[in-house]
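Peer 1: Dropping a structure here in structure tokens format, bear with me for questions.
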Amino acid sequence: MDIKRIVITGGPGTGKTTIIETLMNLGFSSMEEVSRQIIRDAQDRGIDQLFLHDPLGFSLEVARGRARHFHDAARLKQKVTFFDRGIPDVPAYLNYSESLIPREIQKLALELRYDMVFLVHPWRDIYTADSERYESFEMAQNIHNHLVKTYQSLNYNPIEVPFGDVTSRVNFIISCLKKKNILPSQS
């Protein structure tokens with residue numbers, strides 16, 4: 001079976017996870033964001049923000065987790081799997097933090113290719129911080145810009161998801177997948 005891997009990415013607090021959860025409720029498979037669990041584990045060890053404490057170690061752990069998810073999608077035996085962020089998000093965040101990008105992360109981002117990328121813009125109306133999200137809205141906008149540049153530098157053409165309620169955003173994504181013949185028109 002030809003597995004299609006679809007990334008939904010964007011800066012923090014843009015509604016990605018809500019979109020993914022809605023797609024799951026519609027019966028699609030997905031791979032959750034790995035960084036939240038890594039952050040929670042670090043907080044349990046007394047490190048409040050692991051990315052700020054050890055950006056390279058955190059980034060390697062996230063990239064390896066996303067690579068595992070990439071390969072795990074083939075075992076799901078579903079035609080389409082959505083990913084809450086992709087491997088290229090890791091070099092984008094490292095660029096944002098002005099950190100060097102380890103060769104292992106560069107290699108993963110180049111070799112493990114997604115079929116489509118949807119980009120969700122920062123949206124002040126829905127942005128909230130929490131115990132794992134330390135970024136301000138302005139920081140989220142800056143991260144967004146780094147995500148765009150990184151995905152484009154890797155020869156992706158991210159599709160911008162318009163603002164709207166979660167149903168209209170999900171319908172937009174499904175419509176795009178149908179236009180690209182990734183999903184059948186009747187689904």
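The values are calculated or read from the model by the stated rules, or taken from the named source; none is laboratory data. Given the structure is predicted, the values throughout are model-derived calculations rather than measurements. FYI the Cβ positions are ideal-geometry reconstructions off the backbone, even for glycines, and counts take in every protein chain you see.
Peer 1: When the residues of the range 104-131 are filtered to those that are modelled with pLDDT of 95 or more and of a type outside the set (A, V, I, L, M), which remaining residue is farthest from ARG64 (Cα to Cα)?
Peer 2: This residue is PHE118.
Peer 1: Still on this structure, please answer the following. Within 22 Å of ILE174 (Cα to Cα) and polar (S, T, N, Q): which single residue out of ASN157, ASN95, ASN145 fits that description?
Peer 2: Values: ASN95 fails: within 22 Å of ILE174 (Cα to Cα); ASN145 fails: within 22 Å of ILE174 (Cα to Cα).
Exactly one of ASN157, ASN95, ASN145 is within 22 Å of ILE174 (Cα to Cα) and polar (S, T, N, Q), namely ASN157.
Peer 1: Moving to a separate point now. Consider ALA140 against the criteria (1) modelled with pLDDT under 85; (2) in contact with a strand residue (DSSP E or B) (Cβ under 8 Å, 6 or more places away or on another chain); (3) part of a helix (DSSP H, G or I): it satisfies all of them except one. Which criterion is unmet?
Peer 2: Checking ALA140 against (1) modelled with pLDDT under 85; (2) in contact with a strand residue (DSSP E or B) (Cβ under 8 Å, 6 or more places away or on another chain); (3) part of a helix (DSSP H, G or I), the one that fails is (2).
Peer 1: Moving to a separate point now. Please go through the range 135-187 and give me each residue that is acidic (Asp, Glu) and exposed (fewer than 14 other Cβ atoms within 10 Å of the Cβ), ordered by number.
Peer 2: GLU138, GLU160, ASP165
Peer 1: Additional query: Just a yes or no: is a residue in the range 9-16 modelled with pLDDT under 95, in a helix (DSSP H, G or I) and at negative phi?
Peer 2: Looking only at the range 9-16, we keep the residues that are modelled with pLDDT under 95, and these are 10-16.
Then drop every residue that is not in a helix (DSSP H, G or I), which leaves 16.
Adding the requirement that they be at negative phi leaves 16.
Within the range 9-16 (the criterion being modelled with pLDDT under 95, in a helix (DSSP H, G or I) and at negative phi), the answer is yes, since at least one residue qualifies.
Peer 1: Any idea which residue in the range 1-34 is nearest to the chain's Cα centre (by Cα), counting only those that are among the hydroxyl-bearing types (Ser, Thr, Tyr) and within 19 Å of TYR114 (Cα to Cα)?
Peer 2: This residue is THR9.
Peer 1: I'd like the residue in the range 175-187 that is in contact with a helix residue (DSSP H, G or I) (Cβ under 8 Å, 6 or more places away or on another chain) and of a type outside the set (Ser, Thr, Tyr) and, out of all such residues, is nearest to MET116 (Cα to Cα).
Peer 2: So, considering only residues that are in contact with a helix residue (DSSP H, G or I) (Cβ under 8 Å, 6 or more places away or on another chain) and of a type outside the set (Ser, Thr, Tyr), the one nearest to MET116 (Cα to Cα) is LEU183.
Peer 1: Hey, could you check the range 101-111 for residues that are over 14 Å from the mean Cα position of the chain (by Cα) and hydrophobic (A, V, I, L, M, F, W, C) and say which is surrounded by the most Cβ atoms within 10 Å (Cβ to Cβ)?
Peer 2: The first filter runs over the range 101-111 and keeps only residues over 14 Å from the mean Cα position of the chain (by Cα), leaving 101-108, 110-111.
From the residues that got through so far, the ones that are hydrophobic (A, V, I, L, M, F, W, C) too are 101, 105, 108, 110.
Details: ILE101: 18, ILE105: 23, LEU108: 20, LEU110: 13.
The selected residue is ILE105.
Peer 1: Scan the helices (runs of 4 or more DSSP H) fully inside the range 19-103 and keep the ones with 1 or more residues being at pLDDT 95 or above.
Peer 2: Per the criteria, 55-72, 89-96.
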